[in-house]
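The values are calculated or read from the model by the stated rules, or taken from the named source; none is laboratory data. What you see is a predicted model, and the numbers here were worked out from it, not measured in a lab. Positions of Cβ are generated from backbone atoms using ideal geometry, with glycine treated the same way; all protein chains shown enter the neighbour counts. Just so you know, the surface numbers come from the protein's heavy atoms only, side chains and all, with ligands and any DNA or RNA stripped out. Shrake-Rupley method; radii C 1.70, N 1.55, O 1.52, S 1.80 Å.
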Number of protein chains: 2
Amino acid sequence: MIKIGIVGYGNLGKGIERACEVFEDMEVVGIFTRRNPEDIKAKSAVYSVDELPSFKDQIDVCLLAGGSATDLMEQGPSVLENFNTVDCYDTHAKVPEYFDKMNRIGKENGTLSLISTGWDPGLFSIQRLFSECILPKGDTYTFWGKGVSQGHSDALRRIEGVKNAIQYTIPNQDVIEKIKAGERLELSTRDKHFRECFVVLEEGADEKAITDEIVNMPNYFSDYDTTVHFISEEELSAEHQGMPHGGTVIRIGETSNGCKQNYEFSLSLDSNPEFTASVAVAYARGVHRAFKEGKTGAITVFDLPLSYLSVYTDEELRKNYI
Amino acid sequence: MIKIGIVGYGNLGKGIERACEVFEDMEVVGIFTRRNPEDIKAKSAVYSVDELPSFKDQIDVCLLAGGSATDLMEQGPSVLENFNTVDCYDTHAKVPEYFDKMNRIGKENGTLSLISTGWDPGLFSIQRLFSECILPKGDTYTFWGKGVSQGHSDALRRIEGVKNAIQYTIPNQDVIEKIKAGERLELSTRDKHFRECFVVLEEGADEKAITDEIVNMPNYFSDYDTTVHFISEEELSAEHQGMPHGGTVIRIGETSNGCKQNYEFSLSLDSNPEFTASVAVAYARGVHRAFKEGKTGAITVFDLPLSYLSVYTDEELRKNYI
């Protein structure tokens, strides 16, 4: 059994705990939280994150479920001093900086960290790179959704007069079909995705004014075609509690003049955090194996052979999966 | 530049030669054939395969484009005595035997072989394994087509009274949509694919008798719903000279009770041999790098980190592709 520590118990941490029930070789040693452990209801034992270092000999890999990029930039290096780690660090622009920090801490302490897994970054990073390695001449497109964007939902909830809200990112299927049919398109932000908002108003709030504020909000909505629906708190609770997501990576390559080769990868997820958690747990298996072989420092999803993620031996993989 | 030898010059060998024009770091040193080199028209220099050993210091990786599994079982070990190799060995049942043979020869001679790449086996093997590693609980389905099956086309051409023919394997889209919608199906061979035949008859041949012979042919057609069209030689030349193919790997996983996660990978290829060739050339880059690091013996697509297939440094990959 691979012994797992879960650091953080938001949606991702809960997803990791569930995933460890499905992965037969994973055992959750404990959940480590900054909150009061007594306030948390979980199947696994819950401890204060301050107690984590004392579990040094009892945990093989810590899965970092810190709620935000800010958390991880501090939490990652701190946990890595004593444990191997896997995280879903997703601030693309800061990946090199975060990697260098984790690589240094891992080398200094003889531990191993795999950063930025999940599905984007993670599986989508892999498919974008893989398709470009195979088809050097071509164009790659990524579409996200249909799915809930936490960042955009939060932006809606910060508007005065909004009681609650949820936002879905929706890919433009017409554009996707055109690309798959071989059209080469120069796409603006507005062409690729729509945004759909379900908003519960405070009593007396002005629908028209709030709609205007939403659709014109810079960075979040003004560059998109945005639809706003006003609904009741009851409807929001009944219809919009799931966290679906997904997306598509498409590369249209050309191997000789006019000879088109379409490479497409798609995810359609009932639960974004549960899927992200499952990817992270699979990579915990890989980190555990690479660490046992003597690897330390930091790595990414580009650095591990696929065989490291599997429970099967190399012989079994060749016999049953080639 | 990585110096490439192409062994065999059928459709795959031609595809490899073309691919090396698109991959900027690849240089074809020569094509090595069992035929009379003077009979072959190619952009690259053409030599008899008997001359290959004398190129030992001039070639980094030999790409084996032997026309059949029988060729490779002999050709692979023979070339590997002097060169690193990449091949598309596709007799799934004999992969372990072939691997063991190549691994032994490579270890004995200090060379490295990557076997069984392409898209199936190859990319599809990777996606089937990857999706199962991430979603241990679930079902995986593979569909092929729409595409030309050489084996089935050959079977048609062997029928008395058939002058020429081509066969397309067609996936059952209704079944694919049901699976993607979450239905768990027990599928027979007949449920998954259709077979469509375009046949040119010899003069005086009997359409009815030949149709009966086709649709009842064991192993090839009797387990499928098969359609037979009789066309002219001109129409066959005009409409059926491409070698399109493709397919889909789908895994429907469950991360908790009733929580479905759909993972889908699809290829739609204008040219099966050109795409297979491009995959093989990308893996030649990986073999070259692993060999320079001291690896010998045999490996598969499960054993190489993705970064090995890229021209970019690890720093560049982290900055631009995570």
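Can you name the residue in the stretch A:40-75 that is within 20 Å of the chain's Cα centre (by Cα) and assigned to a helix (DSSP H, G or I) and, of all such residues, is modelled with the lowest pLDDT?
Within the stretch A:40-75, the match that is modelled with the lowest pLDDT is A:69.
Return yes when residue A:225 is in contact (Cβ under 8 Å) with a residue 12 or more places away in the chain, in contact with a Cys (Cβ under 8 Å, 6 or more places away or on another chain) and not basic (Lys, Arg) and no when it is not.
no
For residue B:78, work out the one condition from (1) under 25 Å from residue A:254 (Cβ atoms); (2) assigned to a helix (DSSP H, G or I) it doesn't fulfil.
It is condition (1) that residue B:78 fails.
When residue B:34 is evaluated against the numbered criteria (1) surrounded by fewer than 20 Cβ atoms within 10 Å (Cβ to Cβ); (2) modelled with pLDDT under 95; (3) under 26 Å from residue B:124 (Cα atoms), which criterion, by number, is the only one it fails?
Of everything listed in (1) surrounded by fewer than 20 Cβ atoms within 10 Å (Cβ to Cβ); (2) modelled with pLDDT under 95; (3) under 26 Å from residue B:124 (Cα atoms), residue B:34 misses just condition (3).
Going by the conditions given, is residue B:291 part of a helix (DSSP H, G or I) and either more than 22 Å from residue B:173 (Cβ to Cβ) or in the same structural domain as residue B:112 (by TED's automatic domain parsing) (or both)?
For residue B:291, the condition - part of a helix (DSSP H, G or I) and either more than 22 Å from residue B:173 (Cβ to Cβ) or in the same structural domain as residue B:112 (by TED's automatic domain parsing) (or both) - is met.
Do we find that residue B:139 is assigned by TED's automatic domain parsing to the domain that holds residue B:14, surrounded by fewer than 21 Cβ atoms within 10 Å (Cβ to Cβ) and more than 22 Å from residue B:289 (Cα to Cα) in this structure?
So residue B:139 fails the test.
Would you confirm, using the coordinates I've provided, whether residue A:11 is under 22 Å from residue A:303 (Cα atoms), in contact (Cβ under 8 Å) with a residue 24 or more places away in the chain, among the polar types (S, T, N, Q) and open to solvent by 20 Å² or more (accessible area, probe 1.4 Å)?
So residue A:11 does not fit the description; no.
For the stretch B:178-261, which fully contained helices (runs of 4 or more DSSP H) count at least 2 residues that are open to solvent by 70 Å² or more (accessible area, probe 1.4 Å) and charged (D, E, K, R)?
B:207-215, B:233-239
Across the stretch B:109-138, what is the total count of residues that are of a type outside the set (Val, Ile, Thr) and away from every other protein chain (no Cβ under 14 Å)?
Looking only at that region, the number is 3.
For the list (1) in contact with a strand residue (DSSP E or B) (Cβ under 6 Å, 6 or more places away or on another chain); (2) farther than 23 Å from residue B:272 by Cα, I need the number of the one condition that residue B:236 fails.
Every condition holds for residue B:236 apart from (2).
What's the number of the only condition in (1) in contact (Cβ under 8 Å) with a residue 60 or more places away in the chain; (2) open to solvent by less than 20 Å² (accessible area, probe 1.4 Å); (3) under 19 Å from residue B:303 (Cα atoms); (4) not charged (D, E, K, R) that residue B:98 fails to meet?
Only one criterion is unmet by residue B:98, namely (1).
Evaluate the stretch A:265-285: report whether one residue or more is surrounded by fewer than 23 Cβ atoms within 10 Å (Cβ to Cβ) and part of a loop (DSSP other than H, G, I, E, B).
Yes; the residues of the stretch A:265-285 include at least one that is surrounded by fewer than 23 Cβ atoms within 10 Å (Cβ to Cβ) and part of a loop (DSSP other than H, G, I, E, B).
Looking only at the stretch B:166-177, count every residue that is among the aliphatic types (A, V, I, L, M) and either exposed (fewer than 15 other Cβ atoms within 10 Å of the Cβ) or over 22 Å from residue B:218 (Cβ atoms) (or both) and tell me the total.
So the count comes out to 2.
If residue A:223 passes every condition in (1) in contact with a Lys or Arg (Cβ under 7 Å, 6 or more places away or on another chain); (2) at the interface with chain B (Cβ under 10 Å from one of its Cβ atoms); (3) over 17 Å from residue B:253 (Cβ atoms); (4) not hydroxyl-bearing (Ser, Thr, Tyr) but one, which one does it miss?
Unmet for residue A:223, out of (1) in contact with a Lys or Arg (Cβ under 7 Å, 6 or more places away or on another chain); (2) at the interface with chain B (Cβ under 10 Å from one of its Cβ atoms); (3) over 17 Å from residue B:253 (Cβ atoms); (4) not hydroxyl-bearing (Ser, Thr, Tyr): (2).
In the stretch B:7-39, which residue that is in a strand (DSSP E or B) and in contact with a Phe, Trp or Tyr (Cβ under 6 Å, 6 or more places away or on another chain) is nearest to the other protein chains (Cβ to nearest Cβ)?
B:31
Give the stretch A:254-270 a look and list any residue that's more than 7 Å from chain B (Cβ to nearest Cβ) and free of Cβ contacts under 8 Å to residues at least 24 places away in the same chain, or say none.
Result: A:257, A:258.
Residue B:309 versus (1) out of contact with any Leu (no Cβ under 9 Å at 6 or more places or on another chain); (2) under 29 Å from residue B:252 (Cβ atoms): which is the lone unmet condition?
Every listed condition holds for residue B:309 apart from (1).
Only residues in the stretch B:18-36 that are in contact (Cβ under 8 Å) with a residue 60 or more places away in the chain count as the first member; pair them with residues that are assigned to a strand (DSSP E or B), Cβ under 6 angstrom, at least 6 apart or cross-chain, and list the lot.
Between residues of the stretch B:18-36 that are in contact (Cβ under 8 Å) with a residue 60 or more places away in the chain and residues that are assigned to a strand (DSSP E or B), the close pairs are B:18/A:256; B:20/B:4; B:20/B:26; B:20/B:28; B:25/B:2; B:26/B:2; B:26/B:4.
Taking residue A:304 as the residue in question, decide whether it is in contact with an Asp or Glu (Cβ under 9 Å, 6 or more places away or on another chain), crowded, with 21+ Cβ neighbours inside 10 Å and not in a helix (DSSP H, G or I).
No: the conditions fail for residue A:304.
Which one of these is touching a Phe, Trp or Tyr at 6+ places or on another chain (Cβ under 8 Å), surrounded by 23 or more Cβ atoms within 10 Å (Cβ to Cβ) and not in a helix (DSSP H, G or I): B:125, B:116?
Going through B:125, B:116 in turn, the sole match is B:116.
Cβ-Cβ below 9 Å, separation at least six or inter-chain, first residue in the stretch B:83-95 and more than 10 Å from chain A (Cβ to nearest Cβ), second basic (Lys, Arg) and open to solvent by 10 Å² or more (accessible area, probe 1.4 Å): which pairs?
Close Cβ pairs satisfying both conditions: B:83/B:56.
Quick one: would you say residue A:163 is in contact with a Leu (Cβ under 9 Å, 6 or more places away or on another chain), open to solvent by 40 Å² or more (accessible area, probe 1.4 Å) and part of a strand (DSSP E or B)?
Spelling it out, residue A:163 is indeed in contact with a Leu (Cβ under 9 Å, 6 or more places away or on another chain), open to solvent by 40 Å² or more (accessible area, probe 1.4 Å) and part of a strand (DSSP E or B).
Since residue A:61 meets every condition but one in (1) surrounded by fewer than 15 Cβ atoms within 10 Å (Cβ to Cβ); (2) more than 10 Å from chain B (Cβ to nearest Cβ), which condition does it not meet?
(1)
crowded, with 21+ Cβ neighbours inside 10 Å and among the hydroxyl-bearing types (Ser, Thr, Tyr), is that true of residue B:91?
So residue B:91 fails the test.
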